[in-house]
Amino acid sequence: MTRKPANPWAALAGRRIIAPSLLACDFARAGEQIGQVLAAGAGVLHVDIMDGHFVPNLSMGPGFVKKIRRFTDAPLDVHLMVTDPAYYLERFAEAGADSITFHTEATDRPARLIARLRELGLGVGVTLRPGTPAESLRDVLPDVDLVLVMTVEPGYGGQKFMDDQLDKIRTLRAWMTPAQRLEVDGGINESTAALCARAGADTFVAGENVFGNSDPGGAVRSLQRAVEF
């Protein structure tokens with residue numbers, strides 16, 4: 001399928017959503033597994049991009065997003081774990097991303113990146129590593145659609161959830177408007193998703209706990225039940 005990318009977050013307002021991370025899918029069965037999680041109610045598809053420099057590992061690039069976009073209209077939420085996010089904004093926009101999240105640690109000019117994403121008509125997200133304080137985002141918070149709290153160190157799948165990030169989630173939620181999304185990523189399962197939801201998160205990225213399950217669709221439904229209360 002082809003479509004013009006568009007900021008997806010307003011259409012998802014008021015919902016707690018599961019965002020399966022495609023980094024964990026079986027690439028040989030990507031189309032099948034994506035169909036399963038979308039049929040189960042996944043709100044967006046999360047795409048982790050790693051450059052081998054900002055984080056040690058390498059992952060997909062714009063070409064992967066372009067291929068996914070060919071057969072699904074689902075919103076694509078791209079998380080840039082890269083040293084130079086400004087270099088990639090247009091490339092992922094052209095490939096079909098709907099929203100792009102960059103790390104506050106990777107730029108000293110976040111306002112420029114936010115302005116460019118607005119020009120491109122995409123959703124705007126900003127994220128921070130576990131060791132980066134919530135206060136680092138105070139200046140940019142009014143201008144973004146989404147904040148992503150990393151609940152593990154970025155760059156590796158399958159890590160254990162860091163529960164000391166719950167206070168950061170609570171702090172950020174108190175500073176954000178109801179229309180802004182608060183996303184969590186790292187070690188998200190039914191138990192930790194529920195903890196994050198109670199702290200104020202509304203968007204839950206899960207990789208291994210979805211695509212590592214023999215029934216990815218069932219895993220999405222279980223996570224959705226865990227965050228509804």
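Under the simplified labelling scheme, the GLU105-ASN57 pair shows an inter-label distance of 1.6 nm, with each label point 7 Å from Cα along Cα→Cβ.
Helix-derived [θ] at 222 nm for the chain: sum -39500 (n - 2.57) over DSSP H runs of at least 4, divide by residue count, nearest 500? Write out the running numbers ahead of the final one.
Details: 8 runs with 78 residues, N = 229.
Per the formula, -10000 deg cm²/dmol.
How large is log10 of I(q)/I(0) for the range 10-227 at q = 0.14 Å⁻¹ when the intensity is taken from the Debye formula with one equal scatterer per alpha-carbon? Here the Debye-derived log intensity ratios amount to -0.77. Between the amide H of ILE17 and those of THR203, PHE204, distances stay under 5 Å, these residues lying 5 or more places away or on another chain, with hydrogens modeled in the peptide plane.
Computed over every Cα-Cα pair of the range 1-122 and binned at 5 Å starting from 0, the pair-distance distribution P(r) comes out as 2, 11, 22, 24, 21, 13, 6, 1, 0 percent. Expressed to the nearest 5 percent, the antiparallel share of DSSP beta bridges inside the range 10-227 is 5 percent. Approximating the spin labels as points 7 Å out from Cα along Cα→Cβ, the ALA30-to-GLN159 distance works out to 2.4 nm. Please express the Cα-Cα pair-distance distribution P(r) of the range 31-91 as a list of whole percents, one per 5 Å bin, running from 0 to the bin with the greatest distance. Taking every Cα pair in the range 31-91, the percentages come to 4, 17, 26, 23, 14, 12, 4, 0. Taking amide H as placed 1.01 Å from N in the peptide plane, the amide H of LEU148 sits under 5 Å from that of VAL126, THR127, LEU128, GLU183, each at least 5 places away or on another chain. What the Cα convex hull of the range 149-208 gives, in volume per residue, is 72 Å³.
Percent of Cα-Cα pairs more than 20 Å apart in the range 66-137, please. That fraction is 29 percent.
Read-outs: derived from the displayed coordinates by stated rules, not from any lab. This one's a predicted model, so the numbers in the text were calculated from it and none came from an experiment. Please note: Cβ atoms are built from the backbone with ideal geometry, for glycine as well, and neighbour counts cover all protein chains shown.
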